[in-house]
Amino acid sequence: MNNKIIFFRNFGLKHWIEMFNKMHFFTKTRDIYTFDEIWFLEHYPIFTQGLLNKRNITTSNDNILHDIPVVTTDRGGQITYHGPGQQILYFLIDLKRRKVTIRDLINIMHNLIIETLDYFSIKSNVKKNSPGVYINNKKICSLGLRVKKGFTLHGLSLNVHMDLTPFNYIHPCGDVDMKMTQIKEFNTFLTLKDIRLILIKKLSQLLNVSIIEKKF
């Protein structure tokens, strides 16, 4: 197996449940010959609750919050919002074969976003004991992973050019004081395509691999 190659797919705008099922099917059916993949996509508006979500943060599973569905998922973390204009990356990685720990992968994800933002002259940082990437104490990128039999699922969401209003209906990541931000507030001209091109370039460098697009 060539560990120097990771495939990426750009799915565009998709319903959350479709991609959740697709991601789990990929993980369930992969074997030692399956290349790792990183999926780029956006979701239609939805709130997702991680395994650490507290019941007093928002409504329970399957309820509708301001006409936006609320679902419980199997990733780590608490509640967040996904919507068009947010670049999501799902990391479908074999940790053992790639010889990285989950902590290594989280560090890579943090560095990926920091270096991508820095490319566009946007300075950001991480916080101790608070996964994600921040600008002026506002969160611009959220992380949530699941490891199943040594394979990772889920990943990160980077706010690019979206309606941030739904974040006001929840306590993002379980923090009552959390405020969100996005790339649009620092550069109004950048598109998801612009960001995606640099993310792919930085992923190649950080993972020391060739990132190759996989056609459907």
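Values as computed for the structure displayed
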item	result
Contour excess over end-to-end distance, with Cα ends at D163 and F25 and 0.36 nm allotted per residue	46.6 nm
Cut-off under 5 Å, modelled amide H: who pairs with T181 long-range	K139, I140
Helix-only CD estimate at 222 nm, as mean residue ellipticity for the chain, using -39500 (n - 2.57) per DSSP H run (n ≥ 4)	-7500 deg cm²/dmol
The stretch 5-213 - share of DSSP beta bridges that are antiparallel (%, nearest 5)	65 percent
Rg/Rh ratio calculated on Cα atoms of the chain (Kirkwood radius)	0.94
Set of lysines near K138 by C-alpha distance (under 29 Å), chain-local residues within fewer than 8 positions excluded	K14, K54, K123, K127, K128, K179, K184, K193, K201, K202
Net charge, H15 excluded, C-beta distance under 13 Å - Lys, Arg +1, Asp, Glu -1	0
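None of the figures in this text is laboratory data; all of them are computed from the coordinates on show. Small disclaimer: the values here were computed from a predicted structure and weren't measured. A quick note on method: Cβ atoms are made from the backbone with ideal geometry, for glycine too, and the neighbour counts reach across all protein chains shown.
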